1. From the list 147, 137, 92, 155, exactly one residue is of a type in the set (Phe, Trp, Tyr) and farther than 18 Å from residue 176 by Cα. Which is it?
2. Give me the strands (runs of 3 or more DSSP E) completely within segment 88-194, filtered to those with at least 2 residues that are without any contact (Cβ under 8 Å) to a residue 40 or more places away in the chain and more than 17 Å from the chain's Cα centre (by Cα), ordered by residue number.
3. I'm told residue 119 meets every condition in (1) of a type in the set (A, V, I, L, M, F, W, C); (2) surrounded by 19 or more Cβ atoms within 10 Å (Cβ to Cβ); (3) in contact with a Phe, Trp or Tyr (Cβ under 8 Å, 6 or more places away or on another chain); (4) more than 16 Å from residue 68 (Cα to Cα) except one. Can you identify the failing condition by its number?
4. Evaluate the following for residue 183: is it touching a Gly at 6+ places or on another chain (Cβ under 9 Å), closer than 25 Å to residue 55 by Cα and of a type in the set (S, T, N, Q)?
5. Can you go through 127, 111, 104, 94 and tell me which one is closer than 27 Å to residue 170 by Cβ and surrounded by 15 or more Cβ atoms within 10 Å (Cβ to Cβ)?
6. For segment 115-155, what are the residues that are farther than 23 Å from residue 32 by Cα and among the basic types (Lys, Arg)?
7. Output the qualifying pairs, or none if there are none: Cβ atoms under 9 angstrom, residues six or more apart or on different chains, first residue in segment 54-66 and within 17 Å of residue 28 (Cα to Cα), second residue among the basic types (Lys, Arg).
8. Kindly indicate which of 164, 84, 118 is of a type in the set (Asp, Glu) and at pLDDT below 95.
Amino acid sequence: MLGADINRLKGDIIFTKQLRGFPFTFHSTWGLFSPKNIDEGTELLINNIAINPEDISLDLGCGYGAIGLTVAKLSAKGSVHLIDKDFVAIEYANKNAKVNKIGNCKIYLSNGLSHVPDIHFDNIFSNVPGKVGKELYWIMINDAKKYLKKGGKLYIVFISGLKDFFKRNFKDVYGNYTYIASSKTYTVAIASKL
């Protein structure tokens with residue numbers, strides 16, 4: 001009996017979700033962030049993305065691909081790079097791109113932006129982890145600026161308790177901060193490269 005339960009737990013978690021009018025089937029597994037459904041912060045970010053069909057975008061910390069694959073659907077004439085430091089996340093993001101027949105994306109391992117080619121993006125998106133330390137946030141905010149085109153946007157969804165931190169640091173690094181949306185728990189904000 002226990003062996004059967006373990007084998008079931010080791011199988012893919014599969015769920016469907018409508019995002020920005022597109023139906024998705026997602027495969028996930030235990031150990032990935034929010035494995036059984038799209039979390040509230042991710043969905044808040046997805047619902048507040050403004051994107052052009054030709055945009056070139058980056059999903060930083062893609063997990064199993066919910067943000068990046070939705071952006072790929074919204075920018076059908078553009079492309080999306082999905083990166084994560086977790087090889088399991090990359091495996092599942094690739095699987096989800098195939099399952100959902102999305103070809104305008106590149107999915108690969110990268111510790112932050114360390115393995116991103118020399119490309120300048122129209123948009124960078126990230127649902128930042130809540131408890132990784134401000135040092136990682138500083139690195140992410142600074143490194144993202146180097147990879148944005150002039151006029152490019154860094155979209156971040158974060159736990160609302162970090163609002164002052166992100167507002168201050170967006171203004172320090174980019175010279176601007178734009179509040180987009182919030183829920184009880186999360187806030188979406190943008191910094192633009194001027």
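The values are calculated or read from the model by the stated rules, or taken from the named source; none is laboratory data. Quantities reported herein were computed from a predicted structural model and do not represent experimental measurements. Counting neighbours? That spans all protein chains shown, and the Cβs are built from the backbone with ideal geometry, glycine included.
1. 92
2. 178-182
3. Of (1) of a type in the set (A, V, I, L, M, F, W, C); (2) surrounded by 19 or more Cβ atoms within 10 Å (Cβ to Cβ); (3) in contact with a Phe, Trp or Tyr (Cβ under 8 Å, 6 or more places away or on another chain); (4) more than 16 Å from residue 68 (Cα to Cα), only one is false for residue 119: (2).
4. no
5. Values: 111 fails: surrounded by 15 or more Cβ atoms within 10 Å (Cβ to Cβ); 104 fails: closer than 27 Å to residue 170 by Cβ; 94 fails: closer than 27 Å to residue 170 by Cβ.
Criteria check complete, one pass: 127.
6. Those that are farther than 23 Å from residue 32 by Cα and among the basic types (Lys, Arg): 145, 146, 149, 150, 153.
7. From segment 54-66, the pairs are 61/85; 64/95; 65/95; 66/17.
8. 118
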